[in-house]
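Below is one structure, written out as structure tokens, with a few remarks after it.
The values are calculated or read from the model by the stated rules, or taken from the named source; none is laboratory data. Values in this document were obtained by computation on a predicted structure and should not be read as measured data. Methodologically, a virtual Cβ is constructed for each residue, glycine included, from the backbone with ideal geometry; neighbour enumeration extends over all protein chains shown. Side chains are part of the model used for accessible areas, which takes the heavy atoms of the whole protein and leaves out ligands, DNA and RNA. Shrake-Rupley method; radii C 1.70, N 1.55, O 1.52, S 1.80 Å.
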Amino acid sequence: MRSILGNPWRASLIGLVVGVATLAYVAFAADVHAAGTLATRSAHVFAAMVWAGLIVFVNIVQLTALKSVSDAERPVIVRQIAGPTARLFTGAAHATLATGLIMVAQLGADLHHRPLLLMSVLGGLAMWAIVQFILRPNVARVTGKVAAGDAEKAVARAAIATWAPINLIFVIPVTVAMLVAAHAGM
């Protein structure tokens, strides 16, 4: 049991197995189509939950910590926390986008009859674009994944400090709009 609880990836795998078992139960108890729809929605909600949690973590914990440490301490946080967080953050953003597009594709032409859902989809796309085209390249400069001089790293840090809070501003209204749209059919 300690080997499972002592490793977050193993613990996550156990959670995934239980989730898949739940979906398998739905497939047998209801129907396969319902299970597929629920699997896509579950993956979307899980990915969005991870992404939103990391948006909060980055803005409230990580960026605050980086502002308060000395220049000598900064590389440790960047290497040990910022780099791995950025990879998980980007992966969650991509997974949220991919599963969201699958769900939107199923709506087809009906999307324009659901203005709240359309607005939340556009907000989610804006958030993903911020991650993909602004945050990811700048984090790569700061973490050393892309060669950058001190001046370029300073510009990259300033861009992150500007755009990460914009995603934080978006996360709550986009989440609320998607939940309301999904449960109220708006």
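Data table
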quantity: Cα-Cα P(r), region 99-148, percent of pairs per 5 Å interval; calculated: 4, 19, 18, 16, 11, 11, 8, 7, 5, 0
quantity: Cα centroid of region 42-79 to Cα centroid of region 129-180, whole Å; calculated: 11
quantity: Listed residue (L38, V61, G91) projecting farthest to the positive dipole end of region 29-110, Cβ model; calculated: V61
quantity: Net charge dipole size for the chain [Lys, Arg +1 and Asp, Glu -1 on Cβ; Debye, nearest 20]; calculated: 420
quantity: Largest to smallest principal axis extent of the C-alpha atoms in region 38-136, angstrom; calculated: 55, 24, 20
quantity: Approximate spin-label separation W9-V146, in nm, with each point projected 7 Å along Cα-to-Cβ; calculated: 2.7
quantity: Taking the chain and dividing mean pair separation by its residue count, relative contact order in percent (alpha carbons under 8 Å, at least six apart); calculated: 23
quantity: Most fluctuating residue given options I160, I14, I60, as computed from a GNM of the chain linking Cα atoms under 10 Å; calculated: I14
quantity: Listed residues V146, V171, V131, most fluctuating in the chain (Gaussian network, C-alpha, under 10 Å); calculated: V146
quantity: Label point distance in nm, F133-M186, each placed 7 Å from Cα along Cα→Cβ; calculated: 2.9
quantity: Kirkwood-type radius of the chain, with distances r between different C-alpha atoms, in Å; calculated: 18.4
quantity: Mean accessible surface per residue for region 3-87, computed with a 1.4 Å probe while every protein chain stays in place, in Å²; calculated: 65
quantity: Highest-fluctuation residue, A126, A98, A158 considered, GNM on the chain with Cα pairs under 10 Å; calculated: A158
quantity: Rounded to the nearest 20 debye, dipole of region 1-111 from Cβ charges on Lys, Arg, Asp, Glu; calculated: 380
quantity: Taking the C-alpha atoms of region 1-66, convex hull volume expressed per residue in Å³; calculated: 89
